[in-house]
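Below is one structure; the comments refer to it alone.
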Amino acid sequence: ETFYQPTNNGEASNRETEDIYAKMDWDKLGFDVIPTDYMYIMKSNEQDGTFSNGALVPFGTIDINPHSAVLNYGQGLFEGMKAYRTTDGEVQIFRPEENALRMRMGAERLLMPSPSVEQYVEAVKQVVRANKRWVPPHGKGALYLRPLLFGSGSVMGISPAPQCTFLIYTNPISNIYKGRTESLSLLIDNKLPRAYPGGTGGVKNIGNYAPVFQVVKEAKAKGFSDVLFLDAVEHKYIEEVSSCNAFIVKGKVISTSPTLGTILPGITRKTIIELASDLGYQVKERKISVKELLRANEVFCTGTAVGISDVGSVTYKNKCIKFKTGPDTVTQKLYDLITGIHAGLLEDKKGWIVKI
Ligand code: COI
């Protein structure tokens with residue numbers, strides 16, 4: 001159920017965002033298209049690949065050449081970040097340098113120039129400041145930031161674009177699994193893997209996502225929240241859910257799949273590894289077989305969009321295995337910790353928070 005009527009296929013001029021803003025019901029946020037006031041845009045220099053002259057512009061459509069490398073050959077990356085509102089109304093972001101570095105890593109893989117970490121972080125700060133009113137009230141969600149980097153320059157043959165565009169738009173959200181009041185129910189479907197050795201699963205390549213639409217749609221039609229993918233070679237080890245990393249808890253040991261090229265190095269993943277280790281858990285990055293997963297006490301997913309989501313059940317070969325959820329779990333402890341840091345309820349002892 002949407003709570004505003006988008007015109008223009010969800011895009012809006014600033015006059016329209018005024019109307020949308022006036023009608024916002026912060027209690028009904030999900031993961032829907034909500035245009036905000038400004039976006040940030042910066043292009044690379046065709047000669048040396050450096051980025052300059054970035055600017056905030058009113059949110060809206062962009063011109064894209066039919067010859068662009070992104071449209072023809074999928075030369076593109078995205079990032080996901082959030083701006084949070086604290087109880088005193090301030091706005092803050094979390095570990096932005098990590099996203100900048102991950103985008104640079106992906107850009108290397110797809111042969112694109114990328115903004116420096118400083119340029120990236122500055123752009124994020126500017127776009128959040130410009131859209132500050134769209135950061136939901138404390139506890140109602142967050143302003144999702146979507147940095148894109150894509151080959152906007154024209155090519156005909158299979159080659160990288162001579163010019164790339166870096167763009168950040170923003171969109172208020174609460175949870176990607178909207179309307180969910182229960183823990184996730186995942187389906188292990190070994191028909192299709194998400195990523196392949198030597199492929200691009202380890203970077204935030206735009207092309208990693210559309211290939212799973214079909215399998216996820218089928219799973220959702222059967223009532224599952226999402227799909228847990230297996231490795232492409234042995235179909236034996238768990239990899240990722242369509243939009244997030246997966247963890248298992250067994251006693252005092254917390255495990256997650258290693259980032260060896262087919263797993264996205266999530267920033268929430270990395271944060272949870274550190275926080276759980278600080279709490280005295282033994283955290284292991286290693287291959288996890290389905291058999292082992294099914295014997296775990298708890299399973300949870302991490303990602304920017306999902307935050308930390310507990311998994312209530314995993315179904316494999318028509319067998320549904322249930323896991324512990326609720327207040328007295330390791331998952332809940334980690335959830336409270338990370339969400340507390342994000343929203344400024346807990347002290348940031350690590351220098352992860354950047355105030356806007
Ligand atoms: C995120 O968690 O921010 C992501 O980028 C996942 C996305 C597919 C929703």
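The values are calculated or read from the model by the stated rules, or taken from the named source; none is laboratory data. Bear in mind the structure is a predicted one, so any value in this text is a computation, not a measurement. We place every Cβ from the backbone using ideal geometry, glycine too, and count neighbours over all the protein chains shown.
Couple of notes before you dig in:
- Looking across the range 265-284, the residues that are without any contact (Cβ under 8 Å) to a residue 24 or more places away in the chain and of a type outside the set (Asp, Glu) come down to ILE273, SER277.
- Among the residues of the range 209-264, those that are without any contact (Cβ under 8 Å) to a residue 60 or more places away in the chain, more than 16 Å from the ligand (Cβ to nearest atom), among the small types (Gly, Ala, Ser) and surrounded by 14 or more Cβ atoms within 10 Å (Cβ to Cβ) comprise ALA232, SER255, SER257.
- Qualifying residue in the range 23-33 (condition: surrounded by 15 or more Cβ atoms within 10 Å (Cβ to Cβ), at pLDDT 85 or above and touching a Pro at 6+ places or on another chain (Cβ under 7 Å)): yes
- Of the criteria (1) within 15 Å of the ligand (Cβ to nearest atom); (2) at pLDDT 95 or above, which one ARG194 fails: (2)
- Residue ranges of strands (runs of 3 or more DSSP E) in the range 218-264 with at least 2 members under 20 Å from ASN208 (Cβ atoms) and at pLDDT 95 or above: 226-230, 238-241, 244-250
A quick yes/no check of all residues on (1) of a type in the set (Val, Ile, Thr); (2) closer than 30 Å to ALA232 by Cβ:
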position: SER154; (1), (2): no, no
position: PRO160; (1), (2): no, yes
position: THR165; (1), (2): yes, no
position: GLY198; (1), (2): no, yes
position: TYR209; (1), (2): no, yes
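- Taken over the range 320-356, the residue count meeting the criterion of being basic (Lys, Arg) and touching a residue at least 24 places away in the same chain (Cβ under 8 Å) is 4.
- Residues satisfying the stated conditions in the range 269-310, i.e. out of contact with any helix residue (DSSP H, G or I) (no Cβ under 8 Å at 6 or more places or on another chain), modelled with pLDDT of 95 or more and within 16 Å of the ligand (Cβ to nearest atom): ARG269, CYS301
- Any chance VAL33 is closer than 20 Å to SER174 by Cβ, aliphatic (A, V, I, L, M) and within 16 Å of the ligand (Cβ to nearest atom): yes
- Taking the range 270-293 as the range and being assigned to a loop (DSSP other than H, G, I, E, B) and either buried (at least 16 other Cβ atoms within 10 Å of the Cβ) or not hydrophobic (A, V, I, L, M, F, W, C) (or both) as the test, the residues that pass are GLY280, TYR281, ARG286, LYS287, ILE288.
- Selection within the range 196-208 - crowded, with 19+ Cβ neighbours inside 10 Å and either of a type in the set (Phe, Trp, Tyr) or in contact with a helix residue (DSSP H, G or I) (Cβ under 7 Å, 6 or more places away or on another chain) (or both): THR200, GLY201, VAL203, LYS204, ASN205
- Test: residue in the range 294-317 that is aromatic (Phe, Trp, Tyr), over 14 Å from ILE254 (Cα atoms) and either assigned to a loop (DSSP other than H, G, I, E, B) or touching a strand residue (DSSP E or B) at 6+ places or on another chain (Cβ under 7 Å) (or both): yes
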